Each structure stands twice: as structure tokens, then as C-alpha cells.
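Structure first, commentary second.
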């Protein structure tokens, strides 16, 4: 009766271990990438919300908060004035942008808080 593992069995187990470890490493890298993207989007959401609040108060919002740049557009709609804030930035995966809009009523007493 033979005892121990043959060379082929050891190599097969090493290949299986390598595949499992590569999958685990890829999962960790993907998780890190998603966490970074979520963090960026959270910052962008906060920045756009702050800019829209400033517009609603009648203040002048910023045009850039490094590493983000903001652009604004507006137009009249039946309910009031529609503001669109677009935030652009360079991420690790390339240039990105998100747009947010809010309709501000002509009569401030109609504003929803």
C-alpha cells in the first residue's frame, strides 16, 4: 500500500488552490472598486444637493470643488423653474458625470421640505 500523495495529485491540488485564490483576489478587487465608486457618488450627491439648495435660497453655488466641476442649466416649467446640476470628475475608470434636477416653485410657500 502506498502512502502520501503522488506528484500529479499535489499539482492538481495546487491548481485548484490557485483558482480559488485568484477568484478570491478578483472578488476583493471588485469590492474595493465598488466601494470607491460608491464613495465618489456619495460625494457627488452631497455636492449637487448642496448646490441645488444654494440655488433655491438664491445664493450663488460653486462652479468647482476640486476634483469636481459643476455646471448649471435652468428652464421654466409650468410648476416653476427647473434647475439641472451636472457634476463631472475624473475617476480611475475615466471621466464621469452625473446630473441632478429639481423643480423650484415660483411661490416659495409651495416648496416641499
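Only the coordinates and a few stated rules stand behind these numbers; no lab work does. Treat the numbers as computed from the prediction; the structure is a model and nothing was measured. Note: ideal-geometry Cβ built from the backbone for every residue, glycine included; neighbour counts use all protein chains shown.
Before moving on, here are some points about what is shown:
- Label-point separation in nm, residue 34 to residue 98, each point 7 Å along Cα→Cβ: 1.6
- Protection proxy ranking for 6-16, 37-47, using the average of other Cβ atoms within 10 Å per residue and placing the highest first: 37-47, 6-16.
- Its residue count N sets the reference 2.2 N^0.38 Å, and the alpha-carbon radius of gyration of the chain equals 1.96 times that reference.
- Packing here is the average count of other Cβ atoms within 10 Å per residue, and on that basis the peptides 84-90, 22-28, highest first, run 84-90, 22-28.
- Average Cα contact separation per residue, the chain, under 8 Å, 6 or more apart, as relative contact order %: 16
- Principal-axis tilt of helix 7-57 within the chain, Cα atoms, nearest 10 degrees: 10
- By the helix-only formula, in which each DSSP H run with n ≥ 4 contributes -39500 (n - 2.57) and the sum is divided by residues, the chain has a 222 nm mean residue ellipticity of -17000 deg cm²/dmol.
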